[in-house]
Amino acid sequence: MTGATETQTDVARRTGVGIDDIRPFHVSFPDADVADLRKRVKATKWPEVEQVSDEAQGVQLATMQKLAHYWGTDYDWKKAEAKIKAKAEADEKAKTEAKAGKASAKAAKAAKEPKEQTEPKDVG
């Protein structure tokens, strides 16, 4: 299983990395950085219009300009940041719950196992 639907556990199994080795991911899009990025995107120097009407020369100029406009003006960086943080928090919570579940399963198994009884030593 690969792709966007993989869980941390799936990745851990596939890579041999234990769940304890997975560290929290932190993200932040500072306002100044977003403003700078928007300014640079808006300042893009565009080439002349392509000479063909299909994508033989790559993505059409108009498509790239629409995409740049979206990233330069409309994309909600704070919303994206919040979604990433929410996912990271959910993953951390799942990791904590998995650890707790593992510990309680281990304790339950230990409680079910018969205790070894030692014979009293004969002193005499």
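The values are calculated or read from the model by the stated rules, or taken from the named source; none is laboratory data. What you see is a predicted model, and the numbers here were worked out from it, not measured in a lab. Cβ sites come from the backbone with ideal geometry, for glycine too, and all protein chains shown count toward neighbours.
Taking residues in the stretch 60-75 that are under 11 Å from Arg38 (Cβ atoms), and partners anywhere that are of a type in the set (Val, Ile, Thr), the pairs with Cβ atoms closer than 6 Å and at least 6 places apart or on different chains are Ala68/Val41; Ala68/Thr44; Trp71/Val41; Gly72/Val41.
The residues in the stretch 71-102 that are assigned to a helix (DSSP H, G or I) and aromatic (Phe, Trp, Tyr) can be counted, and the count is 2.
Ala62: farther than 16 Å from Asp91 by Cα, at pLDDT 90 or above and aliphatic (A, V, I, L, M), yes or no? Yes. Just for the stretch 42-77: of the residues that are under 21 Å from the mean Cα position of the chain (by Cα) and surrounded by 11 or more Cβ atoms within 10 Å (Cβ to Cβ), which one is nearest to Phe29 (Cα to Cα)? Taking the candidates together, the pick is Trp77.
Filtering the stretch 30-65 to residues that are over 25 Å from Ala82 (Cα atoms) and part of a helix (DSSP H, G or I) leaves Leu61, Ala62, Thr63, Met64, Gln65.
Residues in the stretch 7-29 that are surrounded by 11 or more Cβ atoms within 10 Å (Cβ to Cβ), at pLDDT below 65 and not in a helix (DSSP H, G or I): 2 in all.
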